[in-house]
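What follows is one structure encoded as structure tokens, with my remarks underneath.
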């Protein structure tokens, strides 16, 4: 598809997104996202999973514009809690809390919120423009994919999570393996035999994605937040403080460009997501900044870079999801599951088979970002007042809605029990420092992985060389291998550096 | 963290053995294609390898990083909430979803969080109204009803 055709499709997308119903649900989605992002202890992925059952009665386009609104709205909302309470509203706002709260303590909360909002908006819009022009060619290219490429792409989605994540690669892979084990339960999709059901009729149809996502993300985060009584001190901010001076803008503008670019590139990679993007953008900005000593003590450009990156990555991760059917982050995994639940088959054919849906969704992101800019500049003090509601009242509501949502999937109390079970699993994973996003990604990708693996081996009569025969599959196989060796390499390098540091320290002690 | 990691490695190993034994009777390779036990076998093997890797890495690690579980007070709060949630699920067939939800809200707000009575009752009423309005009235989902028909 040429760029002009993309623009024509986008114009058609606007005609869909601007219908009163869709416009209303964009507003509902971004408002919910803003609130969910602002609430500590519940991130956009959890919010999307919790609210997915509400979309069952909606038209698929309306449902998706609302869910995606929650996803990127959460990126904006997380800033409020980070800056005003020093508690990241969601994981991608961790770096914002470092400098944002320091700025708030210096009486510059308004400037921190304004820089974050403007950065998020500009990077978000730029990322959606990239989405407009990159999705169609990538989708057309993916039409050349066959079973081996699909298997390798899904596998890359999982292994990349381990290699690009911020924690232990082994633990990230453990999370993914647990997800694959969960996905094995039920009826074999090719031969129809029951697997790992242990005689339970309820497990014959497999474990639904939603009880896993609601439990592992939603309930688990609430259990962690219950460990101590919430008593954060909210710093007040006023509308007249939400103003950037020429000096502030000069400090931020390149940070926004750099953060947005890093965010888009990270968002495109399977498995990385907004948290990694914000971390990386912060590090890049600290290196590029003329005053790196301010980082950690209230650097406005640090806030702008991290916030631009996380919003840009949230939008960028939509590109592989829409073009290939491969989610790039936990939030897009929930969005992909929503597509399946709404009866839509994700993959490269999505753009041609469901053009209205894809272009309506993309157009809604432009509208949603504009609404969020208004919410986060003049209306920021209003949303900040929500943070003064005692958290325990919100916890009760979130838990009840989660369980009703879990029941609504299949009208079965078994699913409610499963949700609680996975909530406990998620809590133990948090405490054992095992990341939960790879588990959820694996649950989503496992059916595609298994069916394409078995189809490939069927085609090759059992020969694994089918995965390297075609240039495309060979490149993907190499990328999988690289993603597996990268953590090992960085582990060995870190060990070597530690040893050298130990030797240097010993030498310095001996010279004393 | 050392003990937590060793327990995690052991649990993963146990799960992998469970996957292997639970699919042992299925065919690994059917006539011309991988059988139903093909994927479980490789997933379980990956689990075994990762469990051993975590076990070895933990034994080699001498950083002495402390575990991240909360203190006794925190654990009691988490256990009370989990027990309350399971009790709610058990109560649903007896008193209905809405009534079980109301009882759970009151248990959480008054029993665990020690919030004042009136705001707790108000919050419970708002949450119940929200569940009724969205799920029952709007989406038409038939939640299990109790003896009073709600």
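The values are calculated or read from the model by the stated rules, or taken from the named source; none is laboratory data. Being a predicted model, the structure only gives us computed values, none of them experimental. Cβ placement follows ideal geometry from the backbone for every residue including glycine, while neighbour counts extend to all protein chains displayed.
Residues are listed down the side, and each one gets a yes or a no for (1) more than 21 Å from the chain's Cα centre (by Cα); (2) over 27 Å from residue A:335 (Cβ atoms); (3) buried (at least 16 other Cβ atoms within 10 Å of the Cβ); (4) modelled with pLDDT under 90:
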| position | (1), (2), (3), (4) |
| --- | --- |
| A:354 | yes, no, yes, yes |
| A:364 | no, no, yes, no |
| A:367 | no, no, yes, no |
| A:382 | yes, yes, no, yes |
| A:394 | yes, no, yes, yes |
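Every residue in the stretch A:191-209 that is away from chain B (no Cβ under 11 Å) and not in a loop (DSSP other than H, G, I, E, B), please.
A:209
Name the pairs whose Cβ atoms lie under 7 Å apart, with the first residue in the stretch A:32-56 and more than 14 Å from chain B (Cβ to nearest Cβ), the second assigned to a loop (DSSP other than H, G, I, E, B) and surrounded by fewer than 23 Cβ atoms within 10 Å (Cβ to Cβ), and 6 or more positions between them or separate chains?
Filtered contacts from the stretch A:32-56: A:38/A:387; A:40/A:87.
Looking only at residues in the stretch A:217-231 that are in a helix (DSSP H, G or I) and either within 11 Å of chain B (Cβ to nearest Cβ) or at pLDDT 90 or above (or both), which one is nearest to residue A:53 (Cα to Cα)?
So the first thing to find is which residues in the stretch A:217-231 are in a helix (DSSP H, G or I), and the list is A:217-225.
Within this subset, residues satisfying the condition of being either within 11 Å of chain B (Cβ to nearest Cβ) or at pLDDT 90 or above (or both) are A:219-220, A:222-225.
Working: A:219: 16, A:220: 19, A:222: 19, A:223: 22, A:224: 24, A:225: 24 Å.
Here the residue is A:219.
Exactly one of these conditions fails for residue B:23: (1) within 27 Å of the chain's Cα centre (by Cα); (2) buried (at least 18 other Cβ atoms within 10 Å of the Cβ); (3) farther than 12 Å from residue A:195 by Cα. Give me its number.
The failed condition is (3).
Check B:100, B:137, B:142 and return the single one that is under 17 Å from residue A:411 (Cα atoms) and out of contact with any helix residue (DSSP H, G or I) (no Cβ under 9 Å at 6 or more places or on another chain).
Details: B:100 fails: out of contact with any helix residue (DSSP H, G or I) (no Cβ under 9 Å at 6 or more places or on another chain); B:142 fails: out of contact with any helix residue (DSSP H, G or I) (no Cβ under 9 Å at 6 or more places or on another chain).
It is B:137.
Can you tell me which of (1) more than 8 Å from chain A (Cβ to nearest Cβ); (2) more than 23 Å from residue A:220 (Cβ to Cβ); (3) touching a helix residue (DSSP H, G or I) at 6+ places or on another chain (Cβ under 7 Å) is the one residue B:33 doesn't meet?
With (1) more than 8 Å from chain A (Cβ to nearest Cβ); (2) more than 23 Å from residue A:220 (Cβ to Cβ); (3) touching a helix residue (DSSP H, G or I) at 6+ places or on another chain (Cβ under 7 Å) applied to residue B:33, the lone miss is (1).
From the list A:372, A:339, A:399, which one is under 27 Å from residue A:100 (Cα atoms) and either modelled with pLDDT of 85 or more or part of a helix (DSSP H, G or I) (or both)? Even if it seems obvious, please write down each step before you answer.
On the way: A:339 fails: under 27 Å from residue A:100 (Cα atoms); A:399 fails: under 27 Å from residue A:100 (Cα atoms).
The unique qualifying residue is A:372.
Can you name the number of the only condition in (1) at the interface with chain B (Cβ under 9 Å from one of its Cβ atoms); (2) touching a residue at least 40 places away in the same chain (Cβ under 8 Å); (3) touching a strand residue (DSSP E or B) at 6+ places or on another chain (Cβ under 9 Å) that residue A:188 fails?
Going through the list (1) at the interface with chain B (Cβ under 9 Å from one of its Cβ atoms); (2) touching a residue at least 40 places away in the same chain (Cβ under 8 Å); (3) touching a strand residue (DSSP E or B) at 6+ places or on another chain (Cβ under 9 Å), residue A:188 breaks only (2).
Residues checked against (1) more than 10 Å from chain B (Cβ to nearest Cβ); (2) within 20 Å of residue B:121 (Cβ to Cβ); (3) touching a strand residue (DSSP E or B) at 6+ places or on another chain (Cβ under 6 Å):
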| site | (1), (2), (3) |
| --- | --- |
| A:378 | yes, no, no |
| A:381 | yes, no, no |
| A:386 | yes, no, no |
| A:392 | no, yes, no |
| A:402 | no, no, no |
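Regarding residue A:285, is this residue at pLDDT 85 or above and either under 20 Å from residue A:104 (Cβ atoms) or part of a helix (DSSP H, G or I) (or both)?
yes
Mind listing just one residue for me: the one in the stretch A:243-282 that is surrounded by fewer than 21 Cβ atoms within 10 Å (Cβ to Cβ) and assigned to a loop (DSSP other than H, G, I, E, B) and, of those, modelled with the highest pLDDT?
This residue is A:245.
Please work out if residue A:422 is touching a residue at least 24 places away in the same chain (Cβ under 8 Å), more than 9 Å from chain B (Cβ to nearest Cβ), in a helix (DSSP H, G or I) and surrounded by fewer than 22 Cβ atoms within 10 Å (Cβ to Cβ).
no
Would you point out which residue out of B:59, B:54 is at the interface with chain A (Cβ under 10 Å from one of its Cβ atoms) and part of a helix (DSSP H, G or I)? If you could, list the steps in order and put the result at the bottom.
Numbers: B:59 fails: at the interface with chain A (Cβ under 10 Å from one of its Cβ atoms).
Sole residue among the options that is at the interface with chain A (Cβ under 10 Å from one of its Cβ atoms) and part of a helix (DSSP H, G or I): B:54.
Would you please name the residue that is nearest to the other protein chains (Cβ to nearest Cβ), looking only at residues in the stretch A:57-70 that are surrounded by fewer than 22 Cβ atoms within 10 Å (Cβ to Cβ) and assigned to a helix (DSSP H, G or I)? Before you say what the answer is, go through the steps one by one.
Step one: filter the stretch A:57-70 for residues surrounded by fewer than 22 Cβ atoms within 10 Å (Cβ to Cβ), giving A:57-60.
Going one step further and asking which of them are assigned to a helix (DSSP H, G or I), we end up with A:57, A:60.
Numbers: A:57: 5, A:60: 16 Å.
Checked the stretch A:57-70; the qualifying residue nearest to the other protein chains (Cβ to nearest Cβ) is A:57.
So, of the residues in the stretch A:433-464 that are surrounded by fewer than 19 Cβ atoms within 10 Å (Cβ to Cβ) and without any contact (Cβ under 8 Å) to a residue 12 or more places away in the chain, which turns out to be nearest to the other protein chains (Cβ to nearest Cβ)?
It comes out as A:458.
Yes/no per residue for (1) touching a residue at least 12 places away in the same chain (Cβ under 8 Å); (2) surrounded by fewer than 20 Cβ atoms within 10 Å (Cβ to Cβ); (3) assigned by TED's automatic domain parsing to the domain that holds residue B:11; (4) at positive phi:
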position: B:44; (1), (2), (3), (4): yes, no, yes, no
position: B:82; (1), (2), (3), (4): no, yes, no, no
position: B:87; (1), (2), (3), (4): yes, yes, no, no
position: B:92; (1), (2), (3), (4): yes, no, no, no
position: B:100; (1), (2), (3), (4): yes, no, no, no
